[in-house]
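One structure is given here, and the rest of the page talks about it.
The values are calculated or read from the model by the stated rules, or taken from the named source; none is laboratory data. Every value quoted in this text rests on a predicted model; they were computed, and no experiment measured them. Glycine also receives a Cβ, built like all others from the backbone with ideal geometry; neighbour counts cover every protein chain displayed. The area values use the complete protein model at the heavy-atom level, side chains included, leaving out ligands, DNA and RNA. Shrake-Rupley method; radii C 1.70, N 1.55, O 1.52, S 1.80 Å.
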Amino acid sequence: MAITPAVLTKVTQLGTVAATMATGAPLGRSVVTRAVVSNVSTLASTFSIWIVPSGTTAVPTNLVIDNRTVAVAPATDLVPELAGAVLNAGDIIQASSGTAATLNFFASGYNV
């Protein structure tokens, strides 16, 4: 069993509609070790994150963070709820922002 460090999500600007940020490794599992949401604007903004099992959609039962606020730039949130999250093949992390063009998302970890 090989363990390979991985950037699960390059720095990606969140939109106001939930979008896929990371997908589980196709032939194994991905484990999140760090996730960061950073504010790049002069407006405070909220974000939401879902861990969506393969074959399902972002719904309240897989919502991990609901409308958490990040203060104005250069504020960040280290998103501790995602640390240690395991994504099986086809599982995804989705995220959205309450305000367009204000928040960036990044996640790293490893694939098994």
Problem - Percent carbon-and-sulfur accessible area, the chain, ignoring ligands, DNA and RNA, probe 1.4 Å - result: 60 percent
Exercise for the section: Note down the nm distance, to one decimal, between modelled labels 7 Å out along Cα→Cβ at residue 110 and at residue 89. Expected result: 2.1 nm
Problem - Highest-fluctuation residue, 33, 23, 57 considered, GNM on the chain with Cα pairs under 10 Å - result: 57
Completion exercise
Probe 1.4 Å, heavy atoms of protein chains only: per residue, the accessible area of the chain in Å² is 51 Å²
Handout entry: Whole-Hz couplings from phi, Karplus 6.51/-1.76/1.60, listed for the range 63-77; x for Gly and Pro
Key = 6, 9, 10, 10, 6, 7, 8, 10, 5, 4, 3, x, 5, 9, 10
Problem - Amide proton proximity set for residue 65, modelled H, under 5 Å, gap of 5+ - result: 49
Fill in the blank from the handout: Protection proxy (average C-beta count within 10 Å per residue), highest first, orders 95-106, 63-74 as 95-106, 63-74
Practice task
Would you kindly state how much longer the chain becomes between residue 1 and residue 99 on full extension, computed as 0.36 nm times their sequence separation minus their alpha carbon distance, in nm to one decimal?
Solution key: 31.1 nm
Exercise for the section: Work from the charge dipole of the chain (Cβ charges, +1 for Lys and Arg, -1 for Asp and Glu, about the Cα centre) and give the residue of 20, 38, 7 farthest towards its positive end. Expected result: 7
